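Asker: Got a structure here, written out as structure tokens. Questions coming.
The values are calculated or read from the model by the stated rules, or taken from the named source; none is laboratory data. Source: prediction; values computed, not measured. Note that each Cβ is placed from the backbone with ideal geometry, even for glycine, and that neighbours are counted across all protein chains shown.
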Amino acid sequence: MAKKGFQSKKKNYTDKAMSFWEHLEVLRWHILRSAIAIVVFSTIAFLYKDIIFDKIILSPKEPGFITSQLLCRMGAWLNIPDLCINVKSLKIINTEMAGQFNMHIFISIITGVILAVPYFLWELWRFIKPALSENERKHSGGFVIITSLLFLTGVVFSYFLIVPLTINFLGTYYVSEHVENYFTLSSYINTITSLTFATGLVFELPVLVYFLTKIGILTPKFLKKYRRHAIVLILIVAAIITPPDVFSQTMVAIPLYILFEASIYICKVVYKKKHAASVTT
């Protein structure tokens, strides 16, 4: 009987060890499938370079870009000439032999990563789903959709508003009339991609706040305490990248402030549920 009990314990220990290696094997396949998705989207972007560069990457610097046109019309209507941005096309030069080819590959990879984000999040969800309880699965079923939408919303917000405003600010900024602005292709693309990715990640703030509140790091009291600091930071960022008028600064500041207030609301909801659950137990 004792021998049978020993064999049972040994079997359980072996099962746990096997489960650990199987766990790593599953993780490896999730990562591999995500990498394949990035490669597929990157290859498609590489093949359609005319659309990626002429219609998307280089478009925000042109006077005919939709944001520039709309702001110019608003400026004429509101009698605010400074709202008319990117009046002249920004000059882009290439100074390296393999510069354009390297940027082609770089942008293709970046495009592949952005387009593969929803699929990557879905693979991440599939990986962590077995470890969740039935109740946790029920309440976190929209994780992939919400997280993907927030990231892509941040990317679109940056591309159509922050990017053209930043191009206008940096492209028309002079320390002296004797210095002319000639921007390299790599400098332009690095600025566009960094802004786009940064804004996409900033729009994930509600998701980050949700998990930090869930594990007890953040509280509504903490976020409310630093609300004024957040408002000042948002206004500073808006003032730096926009023309010197209240209208354009407000267009950038309001969505970011709404995002912060939404994060406070999510923190409140999660904190109350967590506190109520701890009281009942």
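Asker: Looking at Leu165, Leu170, which is the one that is closer than 26 Å to Ile85 by Cα, part of a helix (DSSP H, G or I), without any contact (Cβ under 8 Å) to a residue 60 or more places away in the chain and not small (Gly, Ala, Ser)?
Answerer: The conditions single out Leu170.
Asker: Of everything in the range 52-79, what is in contact with a Phe, Trp or Tyr (Cβ under 6 Å, 6 or more places away or on another chain) and within 17 Å of Thr172 (Cβ to Cβ)? Give them in sequence order.
Answerer: Passing the criteria: only Thr67.
Asker: Here is a follow-up. From the list Lys55, Lys91, Lys61, which residue is modelled with pLDDT of 85 or more and surrounded by 14 or more Cβ atoms within 10 Å (Cβ to Cβ)?
Answerer: Going through Lys55, Lys91, Lys61 in turn, the sole match is Lys61.
Asker: All but one of (1) surrounded by fewer than 16 Cβ atoms within 10 Å (Cβ to Cβ); (2) among the hydroxyl-bearing types (Ser, Thr, Tyr); (3) closer than 22 Å to Leu170 by Cβ hold for Tyr48, so report the exception by its number.
Answerer: (3)
Asker: Among Ile192, Ile254, Ile234, which is the only one that is under 21 Å from the mean Cα position of the chain (by Cα), exposed (fewer than 15 other Cβ atoms within 10 Å of the Cβ) and within 27 Å of Pro81 (Cα to Cα)?
Answerer: Exactly one of Ile192, Ile254, Ile234 is under 21 Å from the mean Cα position of the chain (by Cα), exposed (fewer than 15 other Cβ atoms within 10 Å of the Cβ) and within 27 Å of Pro81 (Cα to Cα), namely Ile254.
Asker: From the list Arg137, Arg73, which one is part of a helix (DSSP H, G or I), touching a helix residue (DSSP H, G or I) at 6+ places or on another chain (Cβ under 7 Å) and not aliphatic (A, V, I, L, M)?
Answerer: Arg137 is the lone residue from the list that is part of a helix (DSSP H, G or I), touching a helix residue (DSSP H, G or I) at 6+ places or on another chain (Cβ under 7 Å) and not aliphatic (A, V, I, L, M).
Asker: Just checking, which of Val163, Val156, Val179, Val209 is within 30 Å of Lys274 (Cβ to Cβ) and among the β-branched types (Val, Ile, Thr)?
Answerer: Result of the check over Val163, Val156, Val179, Val209: Val209.
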